[in-house]
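Student: After the structure tokens below, expect a handful of questions from me.
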Number of protein chains: 2
Amino acid sequence: MSGDSGGYRGAGLRLLSMYGVCAGDAVSVVTAEGEMSGILMPRYESASEDYIVIKLKSGYNAGVDVSKVKSIEKIDSAKGEAPAAPPVPAENPGLPRVALISTGGTIASKIDYRTGGVKAALSASELYASVPELASHATVDPEVLMSEYSENLTPEHWAAIAEKVAEKVRSGKYSGVVISHGTDTMHYTAAALSFALQGLPVPVVLVGAQRSSDRPSSDAALNMLGATVFAATAGVAGVFVAMHAGTSDDAVAVHVGTRVRKNHTSRRDAFESIDVTPAAIVKGGAVEMQASGIELAPRGRGELKLQSRFDSSVALLKYYPGFDPAMIDSANCKAIILEGTGLGHVNKNCFPSIKKAIEKGVVVCMASQCIWGRVSMTVYDTGRDLLDIGVVPLSDMIAETATAKAMWALANAPNVKKAMQENIAGEISEAIPI
Amino acid sequence: MSGDSGGYRGAGLRLLSMYGVCAGDAVSVVTAEGEMSGILMPRYESASEDYIVIKLKSGYNAGVDVSKVKSIEKIDSAKGEAPAAPPVPAENPGLPRVALISTGGTIASKIDYRTGGVKAALSASELYASVPELASHATVDPEVLMSEYSENLTPEHWAAIAEKVAEKVRSGKYSGVVISHGTDTMHYTAAALSFALQGLPVPVVLVGAQRSSDRPSSDAALNMLGATVFAATAGVAGVFVAMHAGTSDDAVAVHVGTRVRKNHTSRRDAFESIDVTPAAIVKGGAVEMQASGIELAPRGRGELKLQSRFDSSVALLKYYPGFDPAMIDSANCKAIILEGTGLGHVNKNCFPSIKKAIEKGVVVCMASQCIWGRVSMTVYDTGRDLLDIGVVPLSDMIAETATAKAMWALANAPNVKKAMQENIAGEISEAIPI
């Protein structure tokens, strides 16, 4: 890496040359405010040239004004390669067996000091080997299915994951399945799998990380441990998401797959159950079940029914003031999930377009952009008019779950409109008769 | 109303005829489970005919299975008309003067027992008269500007409201302005007014209600009182939203207009500050300022700059797995706010469409559908690629605020892209140099 400018230009590059350091080096930088040490990070090309960036031990980046730097000392030279993976722990035949399916994302990634970003890199076995505590709770059989950031996953990937899970479950060898996954769309995948994998006899647990495994502040190890313990030992079956329960590093919340949402861009406890409480907390290697408000299937009873096809001809449209009803007309799809305001409303100027879509056979459903609470469309004129036009109210189903469900229903349900209103996987509370 | 079936059919209608009661009557109904009394509500046409609905004193509706009814007793006949408005309280010349602009919504509505729903109905003076406590805090000059549910408000309405506020402020007569507003899009209007009314010398406070004024559980009175006390006495200026701070009926939170969101469909404390704390709590008729993290202008210093034009040529597009990039191509607009996943990502299959839009001159910005946290687009390849294409990262600006801001910027800012990244009204935290 020596000689590589690391993206630095102008004043920043001159400063680094003066002290003979380059991106990736461990450095100590002295300014008027004091001294800070860490890894000199490469610069993104369009960044200001007046700052250098140090990744501190805390895992956070600090920008340092070039004009304020008094001296830079090189502590260690850039390391081009990650250390070799530690050996896989020895197998304990008395422990439950868990299948680990790796799909990519931060949990299976490490910081790339060359580009300054995070790259999908760790294999499932490297990950397993890097969380040695797993070995005392379960025997984990890892398999890399794909290596994708979750923002790039599509309904075709959901199908592939569902089929791989079904294969593992049907082998009869596993007490549960863990899926490592990018966090960006993990809740969409969890919802999709909840419909594609009905009648599961074991828990299937999606797990991710908000900070990559090789960072000191990483949540990867605790999340992986929580997911694996739940998959191996919980008395319930179905699809779940396991992530940090809070900012302290000791508890993992296990959310029902159709009732969870990523509600923060960066916090480790970004995932929250919506309108219900998490199904369980895993703490100190033990599962504590909670009354979530969702009826869960007991472990061991179900017979898996794999329905892995998805039809992505669904538009999720969020309403806002100034929304152009032509967006409904031009949505070339078989189902529309409207994210309305409040109890499930849109401007009355959208009614003709919605009516036209329904007359063409498009299933138009209403969720709320409020996130929490339920759609209730008989309280105001607007809601009643929309019901009259034929809009399907989705009660407390969250919009992301509704989108995945509609893609599943289009490919599998004999009556899509009816399927959208039925509770299939805990996604919708019983409607109160009105 | 006698003789009106109130929407009842079949078994329900036969039962009501048998006991000589009709919709709107106060009744007592006896079933095997006990007795309940309340107002017999009319039925929505497509509702099941096997239930009658009683509105209980708590304000909630209860459905009663027709087959389980043992008897119905009429306690009072239906009242066709609301009682006349109480008189406007006498003026106290020593009190601050507040302008109240009524735009409609639940806070200015009452239940219509004929249709079973809620209708915009109360005039601003009726509302003022129905919250007599106001008279000891301020002299309120009410004016009805419009009477619309907020889901029907458009950027043209924002302009009309901004102009009316400017007229009130410029008169020099008022210590503050209160705007009663439907809650569905109140946060969008608050953001829009924050940009259209820069340099305000007084507080402008939007206020709504989640339950209509004539219901026992209504939050209208407390919210109106909190908004008026803040408008009359707070030491700061700017645009704010005042709503219940919690479920108990004693405190109102005052949120910064660009940092607030409706996060629950029905709870009285549905409005929450995002990534900051509320600017103030109003309790017991007094304002307690809080450290919100947003710098607020002091009262009395600003010189109002009215910029009330909006260009609604903005598309807010929420990304989801299976999102069709053609939705970007077909968005006929000058600016796009992408609600990406996580730190600000979309599937790489959207990159060509985004690039094409930017090349056509469309300003494409990135907010996060996580709601909380900030967009950070240099952490992963996906974000860096999007920055290279020319996408504008919006840090911690919420998507709803970004949408209103873009509509304002298109009509008023010399450089829309630059305006979107600048902090104009507390909507975006200073970007950390990267």
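Derivation of every value follows stated rules applied to the coordinates shown; laboratory data play no part. What you see is a predicted model, and the numbers here were worked out from it, not measured in a lab. Neighbour counts are summed over all protein chains in view; Cβ atoms, including those assigned to glycine, are modelled from backbone coordinates with ideal geometry.
Student: Let's see if you can work this out: charge +1 on each Lys and Arg Cβ, -1 on each Asp and Glu Cβ, no other charges. What is the dipole magnitude of chain B about its Cα centre, in debye to the nearest 20?
Tutor: Magnitude of the dipole: close to 440 debye.
Student: Checking the cross-link filter: which aspartates and glutamates have an alpha carbon closer than 16 Å to that of B:Lys348, excluding same-chain neighbours under 8 positions apart?
Tutor: A:Glu148, A:Glu151, A:Glu156, A:Asp184, B:Asp324, B:Asp329, B:Glu339, B:Asp381, B:Asp385, B:Asp388
Student: Distances from B:Lys348 to the same residue in each other copy, label points 7 Å out along Cα→Cβ, in nm, shortest first?
Tutor: Spelled out, the distances from B:Lys348's label point are 4.9 nm.
Student: Quick one: dipole size for segment B:144-251, taken about the Cα centre, charges +1 on Lys/Arg Cβ and -1 on Asp/Glu Cβ, in debye to the nearest 20.
Tutor: Charge dipole of segment B:144-251: 360 debye, to the nearest 20.
Student: Could I ask something else about it? Which of rounded, prolate or oblate describes segment B:97-306 when judged by the alpha-carbon gyration tensor and an a/c cut-off of 1.5? Don't skip to the answer; put the middle values down first.
Tutor: Values: a/c = 1.39, a/b = 1.26, b/c = 1.10.
Here segment B:97-306 falls in the rounded category.
Student: Along the Cα→Cβ direction, 7 angstrom out, place labels at B:Ala291 and B:Leu304. What is the inter-label distance in nm?
Tutor: Inter-label distance under the simple model: 3.3 nm.
Student: Find, among the trypsin sites (Lys or Arg not before Pro) in segment B:156-251, those assigned to loop by DSSP (not H, G, I, E, B) with at most 13 other beta-carbon atoms within 10 angstrom.
Tutor: Sparse-neighbourhood loop trypsin sites (Lys or Arg not before Pro): B:Lys173.
Student: Now for a different question. Within 10 Å of each Cβ in B:140-150, how many Cβ atoms from other chains are there, averaged over the peptide?
Tutor: Partner-chain Cβ atoms within 10 Å, mean over residues of B:140-150: 1.
Student: For B:Leu95 and B:Thr247, what is the calculated FRET efficiency with R₀ set at 30 Å and r taken between the beta-carbons, to the nearest 0.05?
Tutor: According to the calculation, E is roughly 0.45.
Student: Answer rounded, prolate or oblate for the protein assembly as shown, using the Cα gyration tensor with square roots of eigenvalues a ≥ b ≥ c: rounded when a/c is under 1.5, else prolate when a/b is larger than b/c, else oblate.
Tutor: Oblate, since a/c reaches 1.5 and b/c is not below a/b.
Student: In addition: Would you mind listing the distances between the A:Gly246 label point and the same position in each other copy? Use 7 Å along Cα-to-C-beta, nm, one decimal, shortest first.
Tutor: When each copy's label point is compared with this one, the spacings are 1.8 nm.
Student: First check a/c for segment B:130-185, with a ≥ b ≥ c the square roots of the eigenvalues of its C-alpha gyration tensor; if it is under 1.5, answer rounded, and if not, answer prolate when a/b is larger than b/c or oblate otherwise.
Tutor: It comes out oblate by the Cα gyration axes.
Student: Within segment A:393-431, which residues have the backbone N less than 17 Å from the label spot 7 Å out from A:Arg170 along Cα→beta-carbon, could you tell me?
Tutor: No residues fall inside that zone.
Student: Please report the spacing between the Cα centers of segment B:153-189 and segment B:379-414 in Å, no decimals.
Tutor: Segment B:153-189 and segment B:379-414 have Cα centres separated by 26 Å.
Student: GNM, chain A, Cα, under 10 Å: largest mean-square fluctuation among A:Thr341, A:Thr31, A:Thr382?
Tutor: A:Thr31
Student: Then there's this: What length, rounded to one decimal in nm, is gained on full extension from B:Ala326 through to B:Leu56, with 0.36 nm per residue of separation minus their alpha-carbon distance?
Tutor: 92.2 nm
Student: OK, next. Sort shortest first the distances from B:Glu143 to its counterpart in every other copy, using label points 7 Å along the Cα-to-beta-carbon line, and give them in nm.
Tutor: Relative to the other copies, B:Glu143 has label-point distances of 7.1 nm.
Student: Straight-line reach from A:Lys173: which lysines have a Cα under 24 Å away, not including same-chain ones fewer than 8 places off?
Tutor: A:Lys164, A:Lys305
Student: Let me ask something additional. How large, in Å, is segment A:274-329 by the Kirkwood hydrodynamic radius built from its alpha-carbon pairs?
Tutor: Averaging 1/r across every pair of different Cα atoms and inverting gives 16.6 Å.
Student: Related question: Throw me the Rg/Rh for chain A, computed over C-alpha atoms with Kirkwood Rh, two decimals.
Tutor: Ratio of gyration radius to Kirkwood radius: 1.05.
Student: What is the local net charge at B:Thr31, summed over the other residues whose Cβ is closer than 11 Å to its Cβ (Lys, Arg +1; Asp, Glu -1)?
Tutor: Summing Lys and Arg as +1 and Asp and Glu as -1 gives -1.
Student: Based on a Kirkwood Rh over C-alpha pairs, give the Stokes-Einstein translational diffusion coefficient of segment A:160-282 at 37 °C and viscosity 0.692 mPa s in µm²/s.
Tutor: Translational diffusion coefficient: 233 µm²/s.
Student: Still on this structure, please answer the following. On average, how many beta carbons from a partner chain sit within 10 Å of the beta carbon of a residue in B:299-310?
Tutor: Counting other chains' Cβ atoms within 10 Å and averaging over B:299-310 gives 0.
Student: Right, another one. Skipping prolines and chain starts, which residues have an amide H placed within reach, meaning under 5 Å, of the one on B:Leu100, given they are 5 or more residues away or on another chain?
Tutor: B:Asp141, B:Glu143, B:Val178
Student: Take the cross-link list B:Lys334/B:Lys356; A:Lys356/B:Lys360; A:Lys168/A:Lys417; A:Lys356/A:Lys418; A:Lys355/B:Lys262; A:Lys55/A:Lys262 and give me the ones stretching past 24 Å between alpha-carbons.
Tutor: In this structure, A:Lys356/B:Lys360; A:Lys168/A:Lys417; A:Lys355/B:Lys262; A:Lys55/A:Lys262 lie more than 24 Å apart at Cα.
Student: A further question follows. Among B:Ala291, B:Ala399, B:Ala232, whose mean-square fluctuation peaks in a Gaussian network model of chain B (Cα, cutoff 10 Å)?
Tutor: B:Ala291
Student: For segment A:314-421, what is the per residue volume of the convex hull drawn over the alpha-carbon atoms, in cubic angstrom?
Tutor: Output value, Cα hull per residue: 84 Å³.
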